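Below is one structure, written out as structure tokens; comments come after it.
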Amino acid sequence: MKITPRFMVRDAQPADRPRLVTFVAALQDLERTLHAGREGRRIAAAHLVHLERAARERRGRVLVAARGDERLGFLVGWVEEEEHGSHHVRPGERRYGVVTDLYVEPGARARGIAVALLEDAARHFAALGLARLRVRTLAANQAALRFYRALGYAPYELTLERELPHARPRRAARRSARRAPRARGRG
């Protein structure tokens, strides 16, 4: 029987960035297989910058699970708030923590790493006085949905989408509008 040394969860450091870009790329590639609207790995570095900024500006965290020099996974989360006009949500529940990204290396899965990352995030948001933690995943990510449900997370709100068959990309629509003859009215 092989005993795996424990890992630790900590805040991400600048030295972690190259590995975090790799994690974001892997997560983006997975999401691209689940939804055609996802960009994939080419946006990984820029997306990581966005995630880091959002976590910094919204009282969040970028967490890393590490064992020695090995990075095993990461989590990004921050505080969000319902719009001021959201009277349908009780005032004490309008602010909540949200986990937007969670990834564990395939070879390190089923060892409690994702659970430990989520627990650390939950402690952070609870310390901020928040009563709720939400996680986001694509609807087609059945493995993530099963995992989150097993930890007690339940669907809160669903967004459904449909492709519009006659929609044109915005750029093409602007070009067409410029080429269209202008209507001249009588003054």
Per the Cauchy relation, a quarter of the hull surface: what is the mean projected area of the convex hull of the alpha carbons in the stretch 8-159, in nm²? 9.4 nm²
Within the stretch 88-163, DSSP-loop chymotrypsin sites (Phe, Trp or Tyr not before Pro) with at most 12 other C-beta atoms within 10 Å are Y156
Cut-off 11 Å, label point 7 angstrom out along Cα-to-Cβ of A26: give me the residues of the stretch 109-124 whose amide nitrogen falls inside. 109
Gain on full stretching of the segment that runs from A45 to R134 - 0.36 nm per residue minus C-alpha separation: 29.6 nm
For I113, I43, what ranking results if the residue with the fewest other Cβ atoms within 10 Å of its Cβ goes first? I43, I113
Only residues of the stretch 52-82 count here: report those whose backbone N is under 13 Å from the spot 7 Å along Cα→Cβ of D11, or say none. 55-64
May I ask you to derive the FRET efficiency for A126 and A36 from their Cβ-Cβ distance with R0 = 35 Å, giving the value to the nearest 0.05? 0.40
Positive end of the dipole of the stretch 8-159, charges at C-beta (+1 Lys, Arg; -1 Asp, Glu), about the Cα centre: which of V104, A55, A140 has its Cα farthest in that direction? V104
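Every number in this text was worked out from the coordinates using simple rules, so none of it is lab data. Just so you know, these numbers come straight off a predicted model, no measurement behind them. As a convention, Cβ positions derive from the backbone with ideal geometry for all residues, glycine included, and neighbour counts pool all protein chains shown.
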